[in-house]
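Following: one structure in structure tokens, then a few remarks.
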Amino acid sequence: MRVMLTGGAGYIGSHTAAALAARGHQVVIFDNFANAERDVPARLERLTGQKMPVIEADIRDVPAVVAALREYPVDAVIHFAALKAVGESEADPLLYYDMNIIGTIRLLQAMQQAGVARIVFSSSATVYGQPDSSPILEDFPTRVENIYGRTKLVMEDLIRDLARTGKLAAAANLRYFNPVGAHPSALIGETPRGVPNNLMPYVTQVATGARPHLNVFGNDYATPDGTGVRDYIHVVDLAEAHALALEHIVANNVSITVNLGTGEGTSVLQLVQAFETATGRKIPLVIAPRRPGDVSSYYANPALAEATFGWRAKLNVEDMCRDSWRWQASRAGINDV
Ligand code: NAD
Ligand code: WQD
């Protein structure tokens with residue numbers, strides 16, 4: 001198939017581009033490079049051998065999207081392009097409504113004009129808010145706890161409504177848990193702007209010496225060691241899930257909403273321990289107050305993904321730590337990996 005990836009130069013998009021190419025699909029990258037390095041497509045060509053056409057434009061520019069879809073007729077779109085920082089969303093709701101919700105509506109309008117009726121969408125476990133329990137199933141109540149989560153839920157609903165009314169032939173809403181890691185080649189990976197909000201990139205920056213220590217946001221949660229528990233999923237596993245989900249919905253013209261996680265919960269201290277074991281690097285810790293909005297524990301029940309399109313995560317937390325470190329070390333010019 002030929003597939004257009006909005007946000008395809010980004011962290012998860014670039015890894016999905018690599019996974020699709022490995023399965024013989026043709027990839028078209030549509031990205032405004034607001035949060036991506038410009039040489040990602042070149043690095044993808046080195047990694048995959050596939051020269052992927054790149055359209056540098058904004059998903060809210062309907063004529064640009066229509067022109068791209070007419071120049072490169074595709075079987076489906078995978079929609080990664082969005083803003084994703086919870087804190088930023090609370091500080092600037094209209095920016096997130098515009099970029100994420102209006103952006104998705106404009107993309108769907110352009111797809112309809114160009115006759116493209118299949119989409120895979122990057123949703124997030126954030127739509128579950130503070131869950132009553134884990135593991136989390138797809139029919140658990142969705143709860144909006146922040147603006148970012150609201151945009152994800154609205155985007156999901158738009159897509160489900162268009163599928164229900166026959167305006168989309170096939171759709172997959174993929175609810176990612178906590179993506180971490182990098183491709184083992186260290187050619188692509190996560191490039192957070194400024195101080196990383198997320199745990200793994202912060203840990204890797206401590207490991208390079210760029211940060212003096214890790215602040216552990218609370219050790220008084222009702223979890224085995226008191227620190228927050230999450231379902232970390234290797235971005236390579238996540239990318240493979242996109243390829244399998246896409247092939248499934250296109251082959252069967254169906255619409256699905258699926259969790260993508262490992263089903264394993266890992267605490268902050270357990271992740272730090274795994275990182276130190278995998279890399280030999282020590283991570284100094286400071287116990288800090290809880291971060292507002294954090295939940296104590298959530299992890300997925302990944303059974304539906306396996307039952308629907310035969311996917312389950314293969315890589316473990318040490319693989320995630322080792323590949324994260326290899327990527328960060330290569331960026332920092334450290335070659336002890
Ligand atoms: P990312 O910022 O690395 O990638 C997003 C890409 O979209 C970037 O390349 C950026 O330049 C591009 N982009 C942003 N706005 C655009 C616009 N208006 N027009 C065109 N391109 C635009 O983020 P990511 O971590 O790869 O996340 C991809 C998707 O997955 C997002 O929708 C995000 O909400 C979702 N998600 C991410 C996580 C996570 O922890 N990384 C978890 C759950 C869901
Ligand atoms: C993980 C754990 C922290 C940093 C976020 C978004 C979510 C999704 C994934 C987009 C928590 C602890 C963290 C640090 C720490 N993104 N932590 N010190 O908050 O589960 O999810 O990213 O969809 O929407 O909310 O991930 O990596 O920020 O935190 O102790 O410096 O690590 O308290 O327990 P989170 P995270």
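The values are calculated or read from the model by the stated rules, or taken from the named source; none is laboratory data. This is a predicted model, so every value here is computed, not measured. Quick reminder, even Gly has a Cβ in these numbers, built from the backbone with ideal geometry, and neighbours come from all protein chains shown. Protein only, heavy atoms only, side chains kept; ligands, DNA and RNA dropped before computing areas. Shrake-Rupley method; radii C 1.70, N 1.55, O 1.52, S 1.80 Å.
Observations
- Residues in the stretch 284-337 that are part of a strand (DSSP E or B) and open to solvent by 30 Å² or more (accessible area, probe 1.4 Å): LEU285, VAL286, ILE287, SER297.
Listed here are the residues, each with its yes/no results for (1) within 16 Å of ligand 1 (Cβ to nearest atom); (2) buried (at least 19 other Cβ atoms within 10 Å of the Cβ).
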residue: GLU145; (1), (2): yes, no
residue: LEU162; (1), (2): no, yes
residue: ASN178; (1), (2): yes, yes
residue: GLY181; (1), (2): yes, yes
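- Pairs are defined by a Cβ separation below 7 Å, a sequence spacing of at least 6 or placement on different chains, a first member in the stretch 146-167 that is modelled with pLDDT under 95, and a second member that is more than 16 Å from ligand 1 (Cβ to nearest atom); no pair meets this definition.
- Of all residues in the stretch 211-227, those that are touching a residue at least 60 places away in the same chain (Cβ under 8 Å), within 25 Å of the chain's Cα centre (by Cα) and open to solvent by 10 Å² or more (accessible area, probe 1.4 Å) total 2.
- Scanning the stretch 97-113 for residues that are more than 10 Å from ligand 1 (Cβ to nearest atom), buried (at least 17 other Cβ atoms within 10 Å of the Cβ) and farther than 16 Å from ASP157 by Cβ returns ALA110, MET111.
- Breaking point among (1) modelled with pLDDT of 95 or more; (2) in a loop (DSSP other than H, G, I, E, B); (3) under 22 Å from VAL317 (Cα atoms); (4) within 15 Å of ligand 2 (Cβ to nearest atom), for PRO192: (1)
- Counting the residues of the stretch 151-175 that are over 18 Å from ARG106 (Cα atoms) and assigned to a helix (DSSP H, G or I) gives 1.
- Only one entry of PHE80, PHE30 meets the criterion of being open to solvent by less than 40 Å² (accessible area, probe 1.4 Å), closer than 22 Å to LEU108 by Cβ and more than 16 Å from ligand 2 (Cβ to nearest atom), and that entry is PHE30.
- Strands (runs of 3 or more DSSP E) fully within the stretch 199-270 counting 1 or more residues that are of a type in the set (S, T, N, Q), touching a helix residue (DSSP H, G or I) at 6+ places or on another chain (Cβ under 7 Å) and under 29 Å from MET1 (Cβ atoms): 255-260
- Qualifying positions in the stretch 23-46 - closer than 23 Å to TRP311 by Cα and either in contact (Cβ under 8 Å) with a residue 40 or more places away in the chain or near ligand 1 (Cβ under 7 Å from one of its atoms) (or both): ARG23, HIS25
- Where a residue in the stretch 112-130 is modelled with pLDDT under 95 and its partner, wherever it lies, is among the aromatic types (Phe, Trp, Tyr) and within 16 Å of ligand 1 (Cβ to nearest atom), with Cβ under 9 Å and at least six apart: GLN130/TYR298
- Summed over the stretch 195-221, the residues that are closer than 11 Å to VAL268 by Cβ and either acidic (Asp, Glu) or modelled with pLDDT under 95 (or both) give a count of 0.
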